[in-house]
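Just below is one structure, and these are the notes that go with it.
The values are calculated or read from the model by the stated rules, or taken from the named source; none is laboratory data. What you are looking at is a predicted structure, and each value in this text was computed from that prediction instead of being measured. All Cβ positions, even for glycine, are placed from backbone atoms using ideal geometry, and neighbour counts span all protein chains on display.
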Amino acid sequence: MLAAPRIYRALGADRHPLLLKVLAAGDDPNGCGLSAMTPLAIAITSGDLAAVDILLAHGADIELDGGGAGSPLATALSSGRLEIASHLTERGANIHAPTIFGNMLHLLCANLQMSRDETRQLRLARLMVEQGVPADAPGPRGTTPLMWAVISKNRPMVAFLLERGANPLAMNDRGKTAIDMARKPGNEQVLRLLMEGKERISAPTR
């Protein structure tokens, strides 16, 4: 049976001294072990910010696909590790990189239910939009960030996206709008926001 590379045995919140030791000895921070995930991806999904910093300081690639989820930033967003996502943007992670959901804002909004930290969610969304990530671009199947926010019943994110020009009348490939998606029990406040946004739009666009 193949043994996991030594660096993987050095991952864990209580193993930072060992991680520093194996990296100093030359272990590759960008290799994929038996799990097909890089050490950085594992540290991100486990929420180990200190290990993330250690790996980056020893040459971990901040843009390398860590095992299918995409770049480290995409991995953090898809796993709800928003503190680490914010940290990666501060370290220069590319917020314009494509993801399986579309752009990074699509990915953030598609995974809103992975975290309850609405303040950090909005801070990341604001950073993305201010740096040129489209707030209303259609992703796969025509799904917009606003649609994902509606599906998550995330009122603050819906309000933010509407404020930044998201169109509640834009249709996905099935002809559904964000308003259509909001017509569900428990989503009355989100639907009200969307209807107010609809009133500000003269005609539907696709």
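Points worth noting:
- Considered as a group, the residues in the range 79-96 that are assigned to a helix (DSSP H, G or I) and in contact (Cβ under 8 Å) with a residue 12 or more places away in the chain include one that is nearest to residue 61 (Cα to Cα), and that residue is 88.
- Filter pass, residue 60 being of a type in the set (A, V, I, L, M) and out of contact with any Lys or Arg (no Cβ under 8 Å at 6 or more places or on another chain): yes
- Of the residues making up the range 158-170, those that are part of a loop (DSSP other than H, G, I, E, B) and surrounded by 19 or more Cβ atoms within 10 Å (Cβ to Cβ) number 4.
- Residues of the range 62-79 satisfying the condition of being surrounded by fewer than 21 Cβ atoms within 10 Å (Cβ to Cβ) and either touching a Leu at 6+ places or on another chain (Cβ under 8 Å) or among the basic types (Lys, Arg) (or both): 62, 64
- Flag if residue 43 is surrounded by 23 or more Cβ atoms within 10 Å (Cβ to Cβ), part of a helix (DSSP H, G or I) and out of contact with any Gly (no Cβ under 7 Å at 6 or more places or on another chain): yes
- Matching residues, the range 101-138, being of a type in the set (Val, Ile, Thr) and surrounded by 15 or more Cβ atoms within 10 Å (Cβ to Cβ): 129, 133
- Of the residues making up the range 109-157, those that are in contact with a Gly (Cβ under 8 Å, 6 or more places away or on another chain) and not in a helix (DSSP H, G or I) number 9.
- Tallying residues that are at positive phi and touching a Leu at 6+ places or on another chain (Cβ under 6 Å) within the range 114-159 yields 0.
- Tally of residues being hydroxyl-bearing (Ser, Thr, Tyr) and closer than 19 Å to residue 29 by Cα across the range 66-86: 2
- Residue in the range 171-190 that is in a helix (DSSP H, G or I), more than 20 Å from residue 83 (Cβ to Cβ), of a type in the set (Gly, Ala, Ser) and not assigned by TED's automatic domain parsing to the domain that holds residue 72 present: yes
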